[in-house]
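The values are calculated or read from the model by the stated rules, or taken from the named source; none is laboratory data. Keep in mind it's a predicted model, so treat the numbers as computed, not measured. When we count neighbours, we look across all protein chains shown, and the Cβ atoms used for this are built from the backbone with ideal geometry, even at glycine.
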Amino acid sequence: MANSYSQIYLQAVFAVKYRAAVLDKTWQPKLQGVIGNLINETGCKTIIVNGVEDHMHCFLGLKPVVSVSDLMQVIKGKSSKYINVHNLTKEQFEWQPGYGIFSYSQRDIDQIYNYVKGQEAHHQKQSFKDEYLELLKEFEVGYDEQYLFEELI
């Protein structure tokens with residue numbers, strides 16, 4: 001076949017290490033812009049990036065030649081570097097290892113866009129942990145509870 005066509009929509013969800021609530025509202029929009037630019041620089045297409053104090057959601061169109069693991073390494077690695085270089089947190093910033101990736105169809109775009117956009121209101125009703133477990137169950141993703149969340153001891 002002479003041409004290849006694709007339409008791959010993904011939602012990436014990832015948390016601050018130990019789910020610490022350190023993503024301050026004053027600089028979150030800038031961070032979301034940085035993450036959106038990082039996604040676009042890989043050749044993928046940012047649809048929306050949003051989050052709250054302890055985690056982020058990225059809704060994007062994946063370019064087929066970009067692996068999810070490479071994309072997430074770029075997003076998490078370079079955004080944490082941005083936070084640290086600009087001294088946005090009191091301590092060294094890190095994202096929690098791992099992430100969730102969930103796929104959607106064309107007909108889901110508006111719903112997922114609005115879901116990601118409404119994160120602040122959403123998390124007044126539901127914790128990140130409950131939200132994440134709900135996504136894993138909805139998408140029938142198997143997991144081992146002991147590796148799911150890093151928490152401070």
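Values as computed for the structure displayed
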| read-out | value |
| --- | --- |
| Every residue from region 51-74 that is out of contact with any Phe, Trp or Tyr (no Cβ under 9 Å at 6 or more places or on another chain) and not small (Gly, Ala, Ser) | GLU53, LYS63, PRO64, VAL65, VAL66, ASP70, LEU71, GLN73, VAL74 |
| Subset of region 46-94 [in contact with a helix residue (DSSP H, G or I) (Cβ under 7 Å, 6 or more places away or on another chain) and basic (Lys, Arg)] | LYS78 |
| Any hit, region 52-72, residues being closer than 13 Å to TYR99 by Cα, at pLDDT below 95 and assigned to a helix (DSSP H, G or I) | no |
| First in region 127-153 and at pLDDT 80 or above, second anywhere and part of a loop (DSSP other than H, G, I, E, B) and surrounded by 15 or more Cβ atoms within 10 Å (Cβ to Cβ), Cβ under 6 Å, 6 or more apart | PHE128/ASP54 |
| Which numbered condition GLU140 misses (of (1) loosely packed, with under 12 Cβ neighbours inside 10 Å; (2) in contact with a Phe, Trp or Tyr (Cβ under 9 Å, 6 or more places away or on another chain)) | (2) |
| Meets criteria (modelled with pLDDT of 95 or more, closer than 20 Å to GLN32 by Cα and exposed (fewer than 15 other Cβ atoms within 10 Å of the Cβ)) for GLN106 | no |
| Test for ASN3: is it at pLDDT below 95, part of a loop (DSSP other than H, G, I, E, B) and among the polar types (S, T, N, Q) | yes |
